[in-house]
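K.L.:
Have a look at this one.
The values are calculated or read from the model by the stated rules, or taken from the named source; none is laboratory data. What you are looking at is a predicted structure, and each value in this text was computed from that prediction instead of being measured. Cβ atoms come from the backbone with ideal geometry, glycine included; neighbour counts cover every protein chain shown. In case anyone asks, the SASA skips ligands and DNA or RNA and just uses the protein heavy atoms, side chains included. Shrake-Rupley method; radii C 1.70, N 1.55, O 1.52, S 1.80 Å.
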Amino acid sequence: MAPAQADPRSGPSSGAGPSSTSGTRNRGFQDCPALSELPPGADPARWRCEAMTAVGRLTLGRIDVEVPADQPLAITFAEGTVDGEFRQVFGAMAATPLRVRGTPLSITPRYGGYSDFESNDERRGELDLTFRIAGPGVPPGCSMGSTADPVRLVLLETDPPKVVTPDPLVVTFGVADNRFAVPGTSGCGPLGPVLARALRLPSPAGANGLDLDARVAMRSYGEV
């Protein structure tokens, strides 16, 4: 199992960059890692970029939000082999703020510094996330979870892959996880305890959930 390399452009502490960019539905391959970012010895013909968008439902503590079709999560990464070993390089994550019903708050999913999209019989992949909290009086660095203590998703396949188009290759599939825990707030200053109580954080494993429909477009680096 070869985890993807973290990209500081989309880290959870970044105030800008791909992880906080709007218009996620149309990002496509623009966030693919550059050829120069692939590992030494990587043959472009044996590497591809995958641009994924996902929509569905997310439950974190008392938060229950929809990821709508016009504002999907977007994740881009590269994968291939070097000397027969599977490798990955993370590109970027883009997401738009999701309004928390009944509050003036919104949360924005952000890349937490770790991903592993090599699927096997036990899971479809793993992904660390944090969630930026925004609202009146909330400091810019406030989030649910942190790089040191992120939300770790272990994604299980709920719908098998279906080919939408063979060239370029586009597939759809479903993933879910209802076993993850959500840590408390981080970087929220004096508002931290207030937000934690309002959002019921930390939230133990089994009290949270994620259910997404994903669409992935793939392009070989040999075609670039």
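K.L.:
Six or more apart or on different chains, Cβ under 6 Å: which pairs go from a residue in segment 162-179 that's at pLDDT 95 or above to one that's surrounded by fewer than 12 Cβ atoms within 10 Å (Cβ to Cβ) and not in a loop (DSSP other than H, G, I, E, B)? Could you list them?
P.N.:
Val171/Val163; Thr172/Lys162
Per-residue answers, yes or no, for (1) open to solvent by less than 50 Å² (accessible area, probe 1.4 Å); (2) over 18 Å from Ala94 (Cβ atoms); (3) in contact with an Asp or Glu (Cβ under 9 Å, 6 or more places away or on another chain):
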position: Asp116; (1), (2), (3): yes, yes, yes
position: Ser119; (1), (2), (3): no, yes, yes
position: Glu122; (1), (2), (3): no, yes, no
position: Met144; (1), (2), (3): yes, yes, no
position: Leu156; (1), (2), (3): no, yes, yes
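K.L.:
How many residues, within segment 144-171, are over 15 Å from the mean Cα position of the chain (by Cα) and of a type outside the set (D, E, K, R)?
P.N.:
The number of residues fulfilling the criteria is 12.
K.L.:
Shifting gears a bit: Can you name every residue in segment 129-142 that is open to solvent by 20 Å² or more (accessible area, probe 1.4 Å), among the hydrophobic types (A, V, I, L, M, F, W, C) and outside any strand (DSSP E or B)?
P.N.:
Within segment 129-142, Val138 is the sole residue that qualifies.
K.L.:
Restricting the search to segment 200-213, which residues are part of a strand (DSSP E or B) and either within 19 Å of Val151 (Cα to Cα) or in contact with a Lys or Arg (Cβ under 9 Å, 6 or more places away or on another chain) (or both)?
P.N.:
Ser203, Gly209, Leu210, Asp211, Leu212 - these are the residues of segment 200-213 that are part of a strand (DSSP E or B) and either within 19 Å of Val151 (Cα to Cα) or in contact with a Lys or Arg (Cβ under 9 Å, 6 or more places away or on another chain) (or both).
K.L.:
In segment 66-109, which residue that is of a type in the set (Val, Ile, Thr) and more than 27 Å from Val170 (Cα to Cα) is most open to solvent (accessible area, probe 1.4 Å)?
P.N.:
Looking at residues that are of a type in the set (Val, Ile, Thr) and more than 27 Å from Val170 (Cα to Cα), I get Thr103.
K.L.:
Search segment 32-45 for residues that are part of a loop (DSSP other than H, G, I, E, B) and pair each with any residue that is open to solvent by 20 Å² or more (accessible area, probe 1.4 Å) when their beta-carbon atoms are under 6 Å apart and the residues are at least 6 apart or on different chains.
P.N.:
The qualifying pairs are Pro39/Arg87.
K.L.:
Quick check on this structure: which one of Val175, Val164 is open to solvent by less than 20 Å² (accessible area, probe 1.4 Å), assigned to a strand (DSSP E or B) and under 27 Å from Ser119 (Cβ atoms)?
P.N.:
Val175
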